[in-house]
Structures are given as structure tokens and as C-alpha cells.
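A short write-up of the structure that comes next.
The values are calculated or read from the model by the stated rules, or taken from the named source; none is laboratory data. Model, not experiment: these values are computed from the prediction. Don't worry about glycine lacking a Cβ; one is built from the backbone with ideal geometry, like all the others, and counts go over all protein chains shown. The area values use the complete protein model at the heavy-atom level, side chains included, leaving out ligands, DNA and RNA. Shrake-Rupley method; radii C 1.70, N 1.55, O 1.52, S 1.80 Å.
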Amino acid sequence: MCSSDLQPERKPARRLGPFRARLYRIGKATVETGTQAWRMLGYLGRVTVETGEMIAAPRKNLRFAAMVHQVEETGINALPIVGLLAFLIGVVLAYQGADQLKKFGAELFTINLLGVGVLREIGGLITAIIVAGRSGSAFTAHLGTMRVNEEIDAMQTMGLNTVDTLVLPRIIGLVIALPLLTFFADAMGLIGGAAMCYFDLGINIPAFLRQLNEAVSVNTLLVGLIKAPVFAFVISL
């Protein structure tokens, strides 16, 4: 008697119909999404607790050197690419706005469009997208490499708090760096728009600044800057 004769017969897998198969995929994706969201919520709670402990005892829990290093990596080293893209976006926004407003003889209001658009929305959004692609992927690659090389397991074996060591410096560094990057992007976007207004519309710099002063206020700038720490926290988390 062969060994295969002793094994129970396996019933062929039941094939689902198109509707049931689609329903199964939707249910599976929903369960996986819920599980991931639950784990993310637990991770957010742990980071919140660790942040509170760091604020309560900064000398003990805050790794200042690592935080400064992250500010340099995510902020200072990102200045060239953020400045270049913000400058070009200011040029494009001013050109497209002037092209449409010329139809109504309102070329001067291109400055209003540029100021409100860059300071309130576009500057912070573009900076967050660049940082998410640049620094966010760098965080993932670095921590993933440490996980593969079992460096994180070694740190846990040594009794080190991995959240204090690896997570909080990146979160705090990015929360500090992103508002500064956003302000820099706003300035570069306005410079690009001013250059386009000068060469395309013949608006000189003093006239540009006067119209910009009438179009925007400090609150317009603050609305854009307030979003930056929220973006930074979400990206780093």
C-alpha cells in the first residue's frame, strides 16, 4: 500500500463566482485596512505618551544631537530643491494668472492671485509633497535597513527605547524644519512671481510690493504656516 493511499482525499477548491470573488476581495481589503488602522492608532498612542514624557523630562528623554541632525537633513539639505520648485511654481502661477486676467484688463490683480495662492496654500502644500517624497522615503529606507540588519532588535536587547532613539528625533526635527521650509518656499514663490510680473507685465518691484501689501496680510501667511507642523507630523509618523 502506498503512503498516498493513507492520506485523505482533498476536495477540489471551490471556485467563487465573479460577484462572490469581488465581494471576498472587498471584505479582505476592509479587514486588512481596519487592522492596519488599529495598529497605527496604537502606534500614535505610544508616540504621544513618549512625547509627553519627553516634554516632562527633556534632559533625560530628548536626544538633542539626533534632533539637530534631523533638522539639518530634512531642512537645510532640502533648501535647494524646495527653493527651485517654489520659484518655478511662482513663475508659472504668475504667467497663467496674467494670461487669463489680461482678458479683463486686470493684470495688476495677478499679484493678488500670486500672494494669496502661494502664502495660503501652494507654498505649504508643495513643500510638504517634496519633503514627503524626499525625507519620508529616506526615513523608511533607513529604518527598513536597520530592521533587516537586526539593528533595532539589538537596540531593544540592550534596553534602549527605540521610540526615543529613532522616532522622536525625526518627528521633532521635521516639525521644526517644515515651517521654516514653508516660509522659504513662500519667499521663493513670490520672487519667481515678481520676476515674471516684471518681464511679462512690466510691473516693477516697488509696485509689486505695494500691491502685495494690499492683497495679503499676516493672517494669510499664518494660515499657510500653521498647516506645516501638521503636515510634518503626519509625514514623519
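For Ile203, the residues whose modelled amide H falls within less than 5 Å of its own, excluding neighbours fewer than 5 places apart on the same chain, are Tyr198.
A straight Cα-to-Cα reach below 20 Å connects Lys103 with the aspartates and glutamates Asp200, residues fewer than 8 places away in its own chain not being considered. Rounded, prolate or oblate for the chain? Axes are the square roots of the Cα gyration tensor eigenvalues, ordered a ≥ b ≥ c, and the cut-off for rounded is a/c under 1.5. Oblate shape, in that a/c is at least 1.5 and b/c is the bigger or equal ratio.
What separates the Cα centres of the range 12-71 and the range 85-162 is a distance of 23 Å.
Can you send over the carbon and sulfur percentage of the accessible area for the range 19-103, probe radius 1.4 Å, protein chains only? Carbon-and-sulfur percentage of accessible area, whole number: 66. For the range 111-122, putting each phi into the Karplus relation 6.51 cos²θ - 1.76 cosθ + 1.60 with θ = phi - 60° gives couplings of 5, 4, 4, 5, x, 5, x, 6, 5, 8, 10, 5 Hz, in residue order, rounded to whole numbers and with x for Gly and Pro. Each peptide in 35-46, 102-113 was scored by the mean count of other Cβ atoms within 10 Å over its residues; highest first, the order is 102-113, 35-46. Normalised by the number of residues in the chain, the mean separation of alpha-carbon contacts (under 8 Å, six or more apart) gives a relative contact order of 33 percent.
Given the peptides 20-28, 179-187, arrange them by the average over their residues of other C-beta atoms within 10 Å, most packed first.
179-187, 20-28
Of the complete DSSP H runs in the chain, those spanning 18 angstrom or more by Cα along the long axis with a mean Kyte-Doolittle score not below 1.6 are 79-101, 168-196, 218-236.
At an R0 of 35 angstrom, the distance between the Cβ atoms of Glu150 and Val230 translates into a FRET efficiency of 0.55. Computed with a 1.4 Å probe over protein heavy atoms only, the accessible surface of the range 135-179 comes to 48 Å² per residue. Taking a ≥ b ≥ c as the square roots of the eigenvalues of the Cα gyration tensor of the range 150-232, is the shape rounded (a/c under 1.5), prolate (a/b larger than b/c) or oblate? Prolate.
With protein chains left intact and a 1.4 Å probe, residues in the range 62-134 average 52 Å² of accessible area per residue. On the range 110-237, 69 percent of the accessible area sits on carbon and sulfur atoms, based on a 1.4 Å probe.
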